[in-house]
1. Kindly provide the GluC sites (Glu not before Pro) of segment 1-67 that DSSP labels as loop, not H, G, I, E or B, and whose Cβ sees at most 16 other Cβ atoms within 10 Å.
2. Please give the helix 169-182 orientation as an angle from the longest Cα principal axis of the chain, in degrees from 0 to 90, rounded to the nearest 10.
3. Using the Cα centre of the chain as origin and beta-carbon charges of +1 (Lys, Arg) and -1 (Asp, Glu), tell me which of Phe46, Val172, Phe77 is placed farthest towards the positive end of the dipole.
4. At a Förster distance of 35 Å, what's the computed FRET efficiency of Ala169 paired with Glu136, Cβ-Cβ distance as r, to 0.05?
5. In percent, what relative contact order does segment 140-203 have, based on Cα pairs under 8 Å that are 6 or more apart in sequence?
6. How large are Rg and Dmax for the chain when only the alpha carbon atoms are used, in Å?
Amino acid sequence: MTEIIYVIDDDEGVRLGLCALLDAHGYSATPFASCEEFLSGYNTNFTLCIVADLRLPNMGGLELQAYLIEHAIDLPFIMITGHGDVSSAVRALKSGAVDFIEKPIDGMLFMAAVERAAQSRRLTLSNFVLENEALEKISALTPRERDVLIHIVGGHPNKIIAHLLGISARTVENHRARLMLKMNAESIADLVRMALASNLQTNQRD
């Protein structure tokens, strides 16, 4: 999957210069002259991070950041500006920006921020995949198997689970064996990790 870094700046020299720098470091970069152009041409699934100028005609970087947050679009954001001020930097960082970088841009500082943004995005995508895989496996469980799994996540031993569910300890052991098989888990730790990834623990009950 191609990972794209979008560079939004109305200064052609800046946006093309940053794209060239990103290309030289092995990243795929796409330039836009405005936030409006970006919103009409980007793909969330392939976005690694967004680099945007604070002040742009019409929608600026802060407004774009707020728009993405409002629409629950979680993408790493790096703000750049030639007119930086403390209040703008604080607003951007409080809203989740990876960094706030003033022009003229220091290439090393910029690439360090990009690396942090890329790591954050890749971790988010990895967690998303793990969550979906866990949810898919858990959806194939029977109601009783789910009950047993919930109590396993709660740290209950077989005898306690048997008592709470009104079944024999041997039946609990059989359910656990089927859980391991269905969830493709090599250990109880694997089983618990998958359950936690699917947020099953929020449904835990005694």
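1. Taking segment 1-67 and a limit of 16 other Cβ atoms within 10 Å, the loop GluC sites (Glu not before Pro) found are Glu3.
2. 30
3. Looking along the dipole axis, the top candidate is Val172.
4. 0.75
5. Relative contact order here is 36 percent.
6. 23.6, 73
Rule-based calculations on the coordinates, nothing more; no lab input. Predicted model only: the values in this text are computed from it and were never measured. Note that each Cβ is placed from the backbone with ideal geometry, even for glycine, and that neighbours are counted across all protein chains shown.
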